[in-house]
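K.L.:
Attaching a single structure in structure tokens format; questions to follow.
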Amino acid sequence: MTAELKSSLVASVQAAAAQAGLILLSATAGIDYHGQPTAVFQLGFRGDATRSLQLELSETFEFDKPHLLPEMAAHLAAEASRLRNPRPECYVTLGGLPIAFGKFQWPFHLSTSGADTYIVHGEINLADGGTLNLHAKIAASVTVTFAQIVPAMEQPYAETFVYNAIRKTVDLGQLEFLKSGNRQPVPVTTRYYSRWQKKFLFTETNDKERLEYLLRKVYWLSGVLGQSRPVWIADPRDAQYLNTTEADLLRMAGNEAGDKLMVLDGEFASATPLLLERAPEFQAALEAALNFTKPQFNESMRSGQANM
């Protein structure tokens, strides 16, 4: 680890983490896709060594500036809340697939194929608590033009919209879950961003769809993966994905708590036995969503019955 990393970037990360209620557990040197130096930080809660989150930045990155610091602070504050989830790396898609994000190689790197794009590699795994061991290797791409709307091509400024673009691509049936396989493309295009509203837009949802999403989230992330421990409902990452607000998600969770499907404690909710009784419904949604991601073939053409 260089003296520059120790004296400047570490101090900045340590201060930002403290504001989010986190402590710096470790800071080590890493390398990015092109072999350039990065700084890898492990952050966690004081007195709890059982869970931590990773933050990887370009070694020369400086975020202690007026146009960068607020978003770094917001990212770390949200990460601190997610870290209280039983499985902080897990999310749910609108279709009802619980997925775990991992092995992301931040920051973005310029494409080596000659294309005018930035790339970040990662992986998502089906996280249903079973033994299917299905995953998809990801290559998320952003054009250089599109990158101009992002404050910095670094993890804290891009992770949310990249994760949501991946979830949206799964919803469209354009990512296949396999036991092995090559990287699959996830283009993050301008269709996901409104220049007029100056925000990302992934999916227009109504109350019914958002309610269904919350029930699936609490069932899988609290009930199945978390032994009914609470999960964060007011996640701005989910609010962006569903094109709603954190307050609206909390309002809907409160309604379901009244119906005894979840127990609400502040911004967190846990699954109740009544919700777990609906396991066949959630399992059927998972199987349908998983089947939707598989390539569909024209069986009449396969058997030679179609006119050519």
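The values are calculated or read from the model by the stated rules, or taken from the named source; none is laboratory data. All values reported here derive from a predicted model rather than from experimental measurement. With ideal geometry, Cβ positions are generated from the backbone for all residues, glycine too; neighbour counts draw on all protein chains shown.
K.L.:
Identify, by number, the condition in (1) under 28 Å from ILE149 (Cβ atoms); (2) in a helix (DSSP H, G or I); (3) not charged (D, E, K, R) that ALA18 doesn't meet.
P.N.:
It is condition (1) that ALA18 fails.
A quick yes/no check of all residues on (1) buried (at least 17 other Cβ atoms within 10 Å of the Cβ); (2) of a type outside the set (Lys, Arg); (3) part of a helix (DSSP H, G or I):
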site	(1), (2), (3)
ILE166	yes, yes, yes
VAL170	yes, yes, yes
LEU175	yes, yes, no
SER180	no, yes, no
PRO185	no, yes, no
GLU204	no, yes, no
VAL218	yes, yes, yes
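K.L.:
Considering GLN54, GLN105, which residue is in the same structural domain as LEU24 (by TED's automatic domain parsing) and either in contact (Cβ under 8 Å) with a residue 24 or more places away in the chain or under 30 Å from ALA269 (Cα atoms) (or both)? It would help to see each step written out before you state the result.
P.N.:
On the way: GLN105 fails: in the same structural domain as LEU24 (by TED's automatic domain parsing).
Exactly one residue qualifies, and that residue is GLN54.
K.L.:
Restricting attention to the range 240-257, does a residue exist that is part of a loop (DSSP other than H, G, I, E, B) and either on the phi < 0 side of the Ramachandran plot or among the acidic types (Asp, Glu) (or both)? Talk me through it step by step, then tell me what you get.
P.N.:
Taking the range 240-257 as the starting set, the residues that turn out to be part of a loop (DSSP other than H, G, I, E, B) are 243-245.
Going one step further and asking which of them are either on the phi < 0 side of the Ramachandran plot or among the acidic types (Asp, Glu) (or both), we end up with 244-245.
Yes, because at least one residue in the range 240-257 is part of a loop (DSSP other than H, G, I, E, B) and either on the phi < 0 side of the Ramachandran plot or among the acidic types (Asp, Glu) (or both).
K.L.:
Name the single residue, out of those in the range 32-63 being in a strand (DSSP E or B) and among the charged types (D, E, K, R), that is modelled with the highest pLDDT. Let's see the steps before the verdict.
P.N.:
Of the range 32-63, the ones in a strand (DSSP E or B) are 37-45, 48-58.
Filter once more, so that each one left must be among the charged types (D, E, K, R): 48, 51, 56.
Numbers: ASP48: 87, ARG51: 90, GLU56: 97.
Selected residue: GLU56.
K.L.:
Please give the number of the condition ALA16 fails out of (1) buried (at least 18 other Cβ atoms within 10 Å of the Cβ); (2) at pLDDT below 95.
P.N.:
(2)
K.L.:
Right, ARG84: under 18 Å from GLY226 (Cβ atoms) and of a type in the set (D, E, K, R) or not?
P.N.:
Details: under 18 Å from GLY226 (Cβ atoms): yes; of a type in the set (D, E, K, R): yes.
Spelling it out, ARG84 is indeed under 18 Å from GLY226 (Cβ atoms) and of a type in the set (D, E, K, R).
K.L.:
Could you tell me whether the range 130-147 includes any residue that is among the small types (Gly, Ala, Ser), in contact (Cβ under 8 Å) with a residue 60 or more places away in the chain and assigned to a loop (DSSP other than H, G, I, E, B)? If you could, list the steps in order and put the result at the bottom.
P.N.:
Just the residues of the range 130-147 that are among the small types (Gly, Ala, Ser), to begin with: 130, 136, 139-141, 147.
Now narrow it down to the ones that are in contact (Cβ under 8 Å) with a residue 60 or more places away in the chain: none.
No, the range 130-147 contains no residue that is among the small types (Gly, Ala, Ser), in contact (Cβ under 8 Å) with a residue 60 or more places away in the chain and assigned to a loop (DSSP other than H, G, I, E, B).
K.L.:
Would you be able to say whether some residue in the range 268-289 is among the acidic types (Asp, Glu) and touching a residue at least 12 places away in the same chain (Cβ under 8 Å)? Give the steps one after another, and end with the answer.
P.N.:
From the range 268-289, those among the acidic types (Asp, Glu) are 277, 281, 287; that's our starting set.
Next, from what is left, pick out any that are touching a residue at least 12 places away in the same chain (Cβ under 8 Å): none.
No, that holds for no residue.
K.L.:
Quick check on ALA152: is it of a type in the set (A, V, I, L, M), farther than 30 Å from GLY223 by Cβ and in a loop (DSSP other than H, G, I, E, B)?
P.N.:
Details: of a type in the set (A, V, I, L, M): yes; farther than 30 Å from GLY223 by Cβ: yes; in a loop (DSSP other than H, G, I, E, B): yes.
The answer is yes for ALA152.
K.L.:
Could you please let me know if SER141 is more than 30 Å from LYS260 (Cβ to Cβ), in contact with a strand residue (DSSP E or B) (Cβ under 9 Å, 6 or more places away or on another chain), modelled with pLDDT under 90 and small (Gly, Ala, Ser)? Can you show your working first?
P.N.:
On the way: more than 30 Å from LYS260 (Cβ to Cβ): yes; in contact with a strand residue (DSSP E or B) (Cβ under 9 Å, 6 or more places away or on another chain): yes; modelled with pLDDT under 90: no; small (Gly, Ala, Ser): yes.
Criteria not met by SER141.
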